[in-house]
Amino acid sequence: MFANKRDGDHVLAYLTTRESVGMIASMKATLLLKERFVVDADSYAAALVWQVPQAVPGSAHRYTYSLAYIVRSVCVLRYDNERGKGDHKHRGDIEMPYVFTTPERLLADFWADVDHWRAST
């Protein structure tokens, strides 16, 4: 769908502007981004972002998300806000808190970590 990995940032920004998003109280969730980005021959990133009517337990915002960077079939980096655990990220086997501000910042932070991971290997 996108020409390169960062084009998804523009689509997400478009989908979350006041003019293009209308929430109906009875709606369960609105899919904002569902994409798989080929990074190179051995790796890809998968991104899933939803806007939800209420914050999930553990988070203070109305988004639920899962972003993963997979290398040779192993998830080496993941950002998510699993119900009850709140916003956090994983680098390999290490889990640490993540401070969510906006979907755009989430994507920027994720891609910065992907770039850092790639540069360090």
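Laid out as a table, the results:
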quantity: Any pair with Cβ under 6 angstrom, 6 or more apart, that starts in the stretch 57-69 at a residue that is without any contact (Cβ under 8 Å) to a residue 24 or more places away in the chain and ends at one that is charged (D, E, K, R); calculated: 66/80; 68/78
quantity: Qualifying residues in the stretch 91-121 (those that are among the small types (Gly, Ala, Ser) and farther than 11 Å from residue 76 by Cβ) - the one farthest from the chain's Cα centre (by Cα); calculated: 119
quantity: Qualifying residues in the stretch 70-83 (those that are under 18 Å from residue 29 (Cα atoms) and either touching a residue at least 24 places away in the same chain (Cβ under 8 Å) or basic (Lys, Arg) (or both)) - the one surrounded by the fewest Cβ atoms within 10 Å (Cβ to Cβ); calculated: 83
quantity: Scope the stretch 76-85; condition over 14 Å from the mean Cα position of the chain (by Cα) and assigned to a loop (DSSP other than H, G, I, E, B); matching residues; calculated: 83, 84, 85
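The numbers here are math on the coordinates, done by the rules we state, and not lab data. Note that the structure is predicted; figures quoted are calculated from it, not measured. Every residue, glycine among them, receives a Cβ derived from its backbone with ideal geometry; neighbour counts consider all protein chains shown.
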